[in-house]
Amino acid sequence: MDNPKIHRRCTLRGLVLRVAAAVVLLLLSPAAVTPVASHNDHGVHNNYLILVRSAYEYDKKLHQNVSSWHASLLASVCDSAKEALEADPSAMTRLIYSYRNVVNGFAARMTPEELEKMSKMEWFDRSLPEQTYHLLTTHTPEMLGLTGGDPRRGGLWNTSNMGEGIIIGILDDGIYGGHPSFDGAGMKPPPPKWKGRCDFNKTVCNNKLIGARSYFESAKWKWKGLQDPVLPISEGQHGTHTSSTAAGAFVPNASVFGNGLGTAAGMAPRAHIAFYQVCYEQKGCDRDDILAAVDDAIEDGVDILSLSLGHEDAIDFSDDPVSLGGYTAILNGVFICAAAGNTGPSPATLVNEAPWLLTVGASTSDRRFAASVKLGDKVEVEGQSLNDPNTTVGDPRPLVHDVDGKCASESVLMAQNITGKIIICDAGGVVSTEKAKMAKRAGAAGMIVVVPEVFGAVVMPRAHAIPTVQVAFAAGQKIKEFMQTSRGATAAFVFKGSVFKTPQSPMVAPFSSRGPNRRSRGILKPDLIGPGVNILAGVPSIEDVELPPDAAVPRFDIKSGTSMAAPHLSGIAALIKHAHPNWSPAAIKSALMTTAEPTDNLRQPIADVDGKPATFLALGAGHVNPQRAIDPGLVYNMTAAGYVPYLCGLNYTDQKVSTIIYPEPAVSCAKLSRLEQDDLNYPSIIAILDQPPFTATANRSVTNVGAASSTYVVEVEVPASVKVEVNPPKLTFKAVDEVLNYSVTIKSADGRAPASPVEGQLKWVCGKYVVRSPLLVVAGARQA
């Protein structure tokens, strides 16, 4: 159960450990706390990821382990490191991380001169400077068909046993271990394969939260000699929210100030959580920390990895920790799910593009936190609010519009005499929660926030310091027009609470990053979308709201982002993994994609924020449908080795391919048959018509996981501008796990390259099974 003292005690303990370590080191060795290995270690030091050439591996006869080998490599070019190693083989403080699984290399702190010297070593491949990544930030189980109408029984939860025995690894910014969502009551112990550790005390670690570790190389550098682990605590909400979304336990009476009241639960309520802290409020998410966490998670025994983080740029697969760690994960049978990014709706903004990752965009749900602005002429303008639905601003109050529109200056608000009035604030300047604090100090009775026009009809309410209604841009213009045409304009608020079955749901979230895939144009990304707007889940406390001294600390809040969508899919993948323990990561991914829904709850194409049908570059294969994904009929299966000829086909050098696929043996692309992107056995199909006669052929293999004896017939839906031929048009299976092949030939109907992308779909149909692949036809070069 929730114990607020646990969080405070853990926080204090972490502080005491840091302070105690500092005091001891200062008393015993004044030089020990300097960010250098020894007193004669001069120069500016930076962190680097050092990649070792694939031909070089450690000799077990010469070195005790990989770490000692890496230490000797570092010592060969760093005088201070050599001194430290000679004095005490365990005192190699310049070596930050020694990687065992994800890459052939290590992270170290070095001067530019040392790096230059190292670059001349024959074992040296390349170095990568420190790089920072960023976090991409009750009702959804029912919406997704997990509950069957009952929050504890029925639906997919009944057939998947709620993910029991599956371990989900979460990489994020910290976790509030004492949250009721992580209560281990009724949970079985983790499976024997679990080898990880939980650095909280026994009152926090349990059969739900089985692992909790912190990765902070700069802290380890500064406080070297600290024996006790730094606790994976964060005062922020992100890590607790994502973890409880993926696998939170059942928590009754969960709400945000009475909104969304119900029983909260993650997608896989009986799955175990292993938490790896790699992100920090001021520091972001360091690449080397991410690699180290994935390295450990694979050895710890996780089944699923969930990463709600990414870089703002398209990173080369051989340099990107999510891609590198992801490949090693699938090599070990670990399914990996990553957020697509929050820089939509602009095109080509997507991150985490590698085909072995499940890349998840965000969608709305059918729940609204309804509120309205009741104007003086009795017209009600709909919006959303997290104000308690049992409260009201029922008496008409004068309406005022901030002089600069954005309510970004407290002094300006004070000068406007807004006491007792409702102020209208446009987007921009500071965040709306800060505007509410300033408006409260200026005496405002309430606030109307007009969201940016680019958000369309999507509103993402937050808890504010004063009664607040957030309205879409078009609704905001109606309110402003009323003010301009009405003398003494007034308004009141009506808070209505949660409203369900909103028409035209789901919809693609405006912030969800879009394709095309910048690193591999022939692979459609995102793979699919899942709930990521106004998601209610566990948090340490509500941010930006002042509570009465005797008020209970709220333990749930609403957050939006592809960060929220990714753990939904991670939890759903855990349900599928439990139902099909022998399925590969590629099979689970295929099941999720080929059963995804392209239509909304009105059976119309899923819309984008402009109200028009969303393109495949926004929604991928469609919106996740867990009920169908657990029994997909056919899957597009692959082993990790299947990506090697694809990487060669992208013209990666042998060394870069070997870096990606480590610890597999080094490869020579010249000795392999290169695979074109459209021939990768992927559940979606992109045909690139790059030269006359503008024809492309994609080859696929499907594995039967449905009825042993079954015949699937192909159905193709494409515009008249392209012609598609599937050979053979019928697939007849005689056994489960039987594999059959087919080819798809796509050609331009008029012999010219398409002027704009052409979308269609290919479906293999057999009774209840509809195995659907989006089909995208584009012109241009194959290489990004």
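The values are calculated or read from the model by the stated rules, or taken from the named source; none is laboratory data. No experiment lies behind these values; they were computed from the predicted model shown. Cβ coordinates were reconstructed from backbone atoms using ideal geometry, including for glycine residues, and neighbour counts include every protein chain displayed. Only protein heavy atoms, including side chains, enter the accessible area calculation; ligands, DNA and RNA are left aside. Shrake-Rupley method; radii C 1.70, N 1.55, O 1.52, S 1.80 Å.
Using the heavy atoms of the protein chains alone and a 1.4 angstrom probe, what is the accessible area of the chain per residue in square angstrom? Mind dumping the intermediate values first?
Numbers: 30040 Å² over 784 residues.
With all protein chains present, the chain gives 38 Å² per residue.
Restricting to DSSP H runs of at least four residues, report the calculated mean residue ellipticity at 222 nm for the chain, -39500 (n - 2.57) per run over all residues, nearest 500 deg cm²/dmol.
Details: 19 runs with 181 residues, N = 784.
So the calculated ellipticity at 222 nm is -6500 deg cm²/dmol.
How large a share of the accessible area of the stretch 521-582, in percent, is made up of carbon and sulfur atoms when the probe is 1.4 Å and the other protein chains stay in place? Please report the intermediate quantities before stating the final value.
Values: 800 of 1610 Å².
It is 49 percent, rounded to a whole number.
State, as an integer percentage, the relative contact order of the stretch 494-607 based on alpha-carbon contacts under 8 Å between residues 6 or more apart.
Working: 104 pairs, mean separation 37.4, N = 114.
For the stretch 494-607, the relative contact order is 33 percent.
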The alpha-carbon center of the stretch 743-759 and that of the stretch 671-715 are separated, in whole Å, by 16
Gap in Å between the Cα centre of the stretch 95-125 and the Cα centre of the stretch 236-269? 42
Using θ = phi - 60° and the Karplus curve 6.51 cos²θ - 1.76 cosθ + 1.60, what whole-Hz ³J(HN,Hα) does each residue of the stretch 444-453 get, with Gly and Pro shown as x? 5, 7, x, 9, 10, 9, 9, 6, x, 4
Per the Debye formula with a single identical scatterer at each Cα and no solvent contribution, what log10 I(q)/I(0) holds for the chain at q = 0.08, 0.10 Å⁻¹? -0.71, -1.07
With a 10 Å radius around each residue's Cβ, average the other Cβ atoms per peptide and rank 267-278, 184-195, highest first. 267-278, 184-195
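Looking at this model, which pairs from Lys406/Lys480; Lys283/Lys440; Lys283/Lys435; Lys193/Lys525 are more than 24 angstrom apart at the alpha-carbon? Walk me through the intermediate numbers first.
Details: Lys406/Lys480 14 Å; Lys283/Lys440 32 Å; Lys283/Lys435 26 Å; Lys193/Lys525 33 Å.
Where the Cα-Cα span goes over 24 Å, the pairs concerned are Lys283/Lys440; Lys283/Lys435; Lys193/Lys525.
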Mind jotting down the distance between the C-alpha centroids of the stretch 165-221 and the stretch 337-410, whole Å? 33
Using only the heavy atoms of the protein chains and a 1.4 Å probe, how would Arg109, Arg367, Arg197, Arg487 rank by accessible area, largest first? Arg487, Arg197, Arg109, Arg367
Contour minus Cα-Cα distance for Ser486 and Lys501 (0.36 nm per residue): 1.9 nm
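Could you order the peptides 561-572, 315-326 from most to least packed, using the average number of other C-beta atoms within 10 Å per residue?
The packing order, highest mean first, is 561-572, 315-326.
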Cβ charges +1 (Lys, Arg) and -1 (Asp, Glu), total dipole of the chain, debye: 1300
Listed residues Asp750, Asp654 arranged by accessible area, highest first, probe 1.4 Å: Asp750, Asp654
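Can I get the semi-axes of the stretch 725-784's equivalent ellipsoid? Compute them from the C-alpha gyration tensor as square roots of 5 times the eigenvalues, in angstrom, largest first.
The answer is 29, 12, 12 Å, longest axis first.
Tally up the carbon and sulfur contribution to the accessible surface of the stretch 338-484 as a whole percent, 1.4 Å probe, everything protein left in place.
Numbers: 2860 of 5370 Å².
Accessible surface attributable to carbon and sulfur in the stretch 338-484 totals 53 percent.
Could you order Ser127, Ser709 by accessible surface area, starting with the largest, using a probe radius of 1.4 Å? If you can, show how the numbers build up before the last one.
Values: Ser127 35, Ser709 100 Å².
From most accessible down to least: Ser709, Ser127.
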Label point distance in nm, Val431-Lys195, each placed 7 Å from Cα along Cα→Cβ: 4.0
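By per-residue mean of other Cβ atoms within 10 Å, what is the highest-first order of 338-346, 437-445? List each step's numbers first, then the result.
On the way: 338-346: 24.7, 437-445: 19.9.
Packing proxy ranking, top to bottom: 338-346, 437-445.
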With θ set to phi - 60° and the Karplus curve 6.51 cos²θ - 1.76 cosθ + 1.60, what are the ³J(HN,Hα) couplings of the stretch 385-400 in order, to the nearest whole Hz, using x for Gly and Pro? 7, 9, 5, 3, x, 7, 9, 7, 10, x, 7, x, 10, x, 9, 9
